[in-house]
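Working notes, beginning with the structure itself.
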Amino acid sequence: MIRLEKVTKKYRSGKVMVKALDDLSLEVKKGEFVGLTGPSGSGKTTLLNIIGCLSRITSGRFWLGDEEVSHYPDHFLAALRRERFGFIFQQFNLLAGYTTWENVALPLLPMGISEKVRKGRAMRLLEELHLETRANFLANELSGGEQQRAAIARALINDPEIILADEPLSGIDGKCAGIVVAILGDLKERGKTIIFSSHELPTALATLVDRTLACEAGKLLGVPPQAARR
Amino acid sequence: MNIAPHINLWLMAAANLRRYRAKSIAVMVPLGLVMAVAAFMMFARGGFVREAGLARVFLPHITVQGVAAGRVEKISLGVMDRIAKIPHMRSVVPRVWGYLPMQLKEANVSYTLMGLDMTRAVYDEKMPWTLATGTFLVPGDRGKVVLGSGVARSFAARVNDRLKIADALGNKAEFTVVGIFNTAVQVYSTDLIVTSLEDARSFFGYRRDEASDLLVYVDRPEKADEVAWTITNLFPNTRVLTGKALTELVREAFSRRGGTFQMVWLILLLTVLLLVWAQASHINVDLSREIGVLKALGWHTGEIIEMKMMESFLLGFTGTLSGILVGFIYVLLGTPGLSGYCLGCASIYPKYPIPVDCDFPSLALLFILGVLPMTAVSAIPAWLTGTIDPDTAIRR
Amino acid sequence: MLNNYIVTYLVCSVFSLVIGIVAAASGLSVSRRWESAGSTEEQYRLEKRVYLIITLVSVGLCLRLLMVPLWFGTLHSMLGSIPGAMCLTGVHNSNTPYSYLASSLKLLLPPLYGFWLILNALDRKVASQPFMKQKLLFLTPLGILVLGESLLDAYFFFTVPYRQVSCCTSLFDLPEANITPIVAQSWGWLVMFYALILFVWGEMVYFFYAQKRSASAARGWWFGNKAIMFMETALIIATFGVFIYVLNGNFSPLFLHRPLHHCIFCLGQQVGDALLSSGMIFLGLTLFMIYFWVASFARYRGLNPVLGDQMTKLLGWAGAMLTGGIIILSVHLFFVL
């Protein structure tokens, strides 16, 4: 489903050219749950952003399904993000001035869907994640765990095939982390392709991941799931 | 073409203006003030021009004045017969008028006393439209006057009151008020006292064969210029003014004042646009992250640009609308603080209400002047916002 | 002679000029360095610049559409200041040929902007954006036209001489009963107009169905054919020219009920449906011309499977506009006769 071939990503930081990904190749099958571990600055977020068409490669080739998207223009990539991806960010990234349901329904707004339908779909997801009582709260009025669940609901609103979760368990307590892991497990059962990044793979996820990859200095190393447990 | 996505973006733009109220107000207030200036200027000027146009109905086609040694003097009635024989002539009416400098309790004022020959009047069928109360003069009336609204207010005079007039030069007379002009033609009538020709002659000391000027009426208005030219050639010692020239004089007087405001207004608008540009171009971390998140959620760059442009359009529209309302109210209140300048140095006493004319073309022009520059100036800031790199923005 | 209308128009003109020049300069700069298969940072920066160009052209089109009625409204506001002018013909005559050139550009520029935006919309449907260089380079002549138009406008307003001008008609005219025989003297042009319109309309129907059938396979003998494009453009321009002629010579006197009154400005001002139908005919012919401009690109043949539906819609709109305009005009003509 996802195939990267000798992908390099460079960007300029001041006067220095930084190589975030270095000749990286990766293949992820449909329905696979891949864990991505590594220290800060190893390139995990960059890799996720490239897979999620949020950032573009400097060289190499990149396929999504049968489509080669390496040289797709910005609006084509945006369409792919809208249709096929759901992002779960480390810092939740809910928009401050919007209520919970408005945040969840944000991906639907530019698709021309009416407010009534948007709210209906958002509420259904919030109910599944036990957040329906917080639907009309502003995003910054939610606790960390609630914000992360709202962010998950937002990532799922378009029923994407691929979920990209960038350190979703950092900044929330153990109980909330358990809820998030359960949700991810449910998504896997539904056949979603999930790529989960973290400094270290949580124990609770060990039984869910099909494969763990270690990221270091922009390169990938394959690591068995057992070795990555805390 | 599916318009629903665009409507959603526009609604979100409107909601964003509510969400970020402080920023919105910071743009709307100065824009509103600038548009208020433009609006009051346009409505007041329109009012003067409209009144000048209305009053033209009552002006003679041609006014003939006597000239001696380059100065305007009394005109001899001996020329009337020759003028009456010019082709297309309908009527020649002598008129006697002069200024009445007076000292009232509140101020030094100068009114105009005008005597008309009612036996030759050609405009009497239109006169009733100009009266607020009472009647106009009829042939044979003596000792009667029709007052302009400003004069009536100064003397607190009403119809059937007796009015004693004494100017600073020692001329005195007593009249009965038979009518008061309305405000439709106040540009010309507010300081006017109209009486019979004989009463005016008696007041100013004119002989029977003299007049201040002659009012000439032609049978076809388009022939006025031709007749005026003929009179000028026949009587070189006269000054000949057409009705069109007189109304153009009024229009020019207020156009020049309008021109000053136009310059000031354009500078103010430019300042507001620079402010808008500076504010819109400044993309803080929060806005940057917000755009990055929207892009991560599948929003296109074009959609973000459209939303930002619509925010500017709505800001411009709301600011302009508020400004127009403020400007309109300001003119209705008589442009306090600026009425002296608007009316010119020859201010009329008591306070002369500024005429207001608000029509669809004026409103359309105001909206174009307010909304269009705002929207156009925000194109580049909207682009800068829309093309934020989401990868970098989200990591901040 | 700076009245409110002129000041407003000049403000719009300044913005339009700046937008046109910036878009043209950006377009030229980007087109020189554009490589559709490139993936360098430079290419991504160029893509961002293209968004700026699209934004500017979109704002430019809205401005252009606003400036057309504003221009004629501004000319109308000058009536009282120009001796002898009783309608827009008189105002135009006060400072020819600048006035007529400026008015012609007013009508020419919106379709050119529209063409660019249609081409851009089609281009963005294909990942390789095959028309990128062409559409960017097109902005240069467009910018030059905008500059020329702004200069003409300014020159017109600031050099209007105060002199008597002739207008569109004499003070006296013949009784209404004599209209038909007088107008019938130039019936040949009317027949030619309807013949041309019928021919163009027939072509629209033919190409509409041919385009629909070609959608599934990359067929279409006219795809990539520049000669067809030039012929159709010439035909449409000729049709439009004949339309203006009969509008002036035949429709004006008939609709205005004055045999000697040949003035499309008076017609537009006094007969609302004439203005509407003229606008629809103009739009229909323009969209038809744009269709051929796009289809004549050499690479269009390969792109037809992707763009075929959009092109069919374009033809549909062209046909609808032309048909609607002709019906309204003809119904009015029928009732007058």
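The values are calculated or read from the model by the stated rules, or taken from the named source; none is laboratory data. Fair warning: this is a prediction, and the values are worked out from it, not measured in the lab. With ideal geometry, Cβ positions are generated from the backbone for all residues, glycine too; neighbour counts draw on all protein chains shown.
Numerical summary
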| read-out | value |
| --- | --- |
| Which listed residue, of C:Y291, C:Y245, is buried (at least 21 other Cβ atoms within 10 Å of the Cβ), of a type outside the set (S, T, N, Q) and modelled with pLDDT of 85 or more | C:Y291 |
| Entirely in region B:1-117, the helices (runs of 4 or more DSSP H) that have 1 or more residues that are assigned by TED's automatic domain parsing to the domain that holds B:I368 and either over 20 Å from B:R239 (Cβ atoms) or at pLDDT 90 or above (or both) | B:4-19, B:21-55 |
| Exclusive hit being in the same structural domain as C:Q134 (by TED's automatic domain parsing), of a type in the set (A, V, I, L, M, F, W, C) and modelled with pLDDT under 90, set C:V11, C:V18, C:V57 | C:V11 |
| Residue that is nearest to the other protein chains (Cβ to nearest Cβ) [pool: residues in region A:123-168 that are part of a helix (DSSP H, G or I) and acidic (D, E)] | A:E141 |
| Inter-residue pairs, beta-carbon under 8 Å, first outside the structural domain of C:Y245 (by TED's automatic domain parsing) and in region C:190-205, second of a type in the set (F, W, Y), 6+ apart | none |
| Helices (runs of 4 or more DSSP H) within region C:35-125 that include 3 or more residues among the charged types (D, E, K, R) | C:41-77 |
| Checking A:K116 against (1) within 14 Å of chain B (Cβ to nearest Cβ); (2) assigned to a helix (DSSP H, G or I); (3) in contact with a Leu (Cβ under 9 Å, 6 or more places away or on another chain), the condition it does not meet | (3) |
| Filtered residues of region A:67-113 (kept if of a type in the set (V, I, T), out of contact with any strand residue (DSSP E or B) (no Cβ under 9 Å at 6 or more places or on another chain) and surrounded by fewer than 24 Cβ atoms within 10 Å (Cβ to Cβ)) | A:I113 |
| Residue satisfying all of: in region B:190-203; crowded, with 21+ Cβ neighbours inside 10 Å and out of contact with any Asp or Glu (no Cβ under 9 Å at 6 or more places or on another chain); nearest to B:I165 (Cα to Cα) among these | B:I193 |
| Selection count where residues are touching a residue at least 40 places away in the same chain (Cβ under 8 Å) and either within 7 Å of another protein chain (Cβ to nearest Cβ) or of a type in the set (V, I, T) (or both), scope region B:363-377 | 7 |
| Residue within region A:11-19 that is within 14 Å of chain B (Cβ to nearest Cβ), surrounded by 14 or more Cβ atoms within 10 Å (Cβ to Cβ) and small (G, A, S) present | no |
| Some residue of region A:70-93 being free of Cβ contacts under 8 Å to residues at least 60 places away in the same chain and more than 14 Å from chain B (Cβ to nearest Cβ) | yes |
| Residue match in region C:58-78 (condition: of a type in the set (V, I, T) and away from chain B (no Cβ under 14 Å)) | no |
| Top-ranked residue of region B:289-309 - restricted to ones that are within 12 Å of B:T387 (Cβ to Cβ), among the β-branched types (V, I, T) and at the interface with another protein chain (Cβ under 7 Å from one of its Cβ atoms), ranked as nearest to the chain's Cα centre (by Cα) | B:I305 |
| Subset of region C:123-163 that is over 27 Å from C:Y291 (Cβ atoms) and free of Cβ contacts under 8 Å to residues at least 24 places away in the same chain - its residue that is nearest to the other protein chains (Cβ to nearest Cβ) | C:F158 |
| Helices (runs of 4 or more DSSP H) fully within region C:238-305 counting 3 or more residues that are under 18 Å from the mean Cα position of the chain (by Cα) and more than 30 Å from C:L122 (Cα to Cα) | C:264-270 |
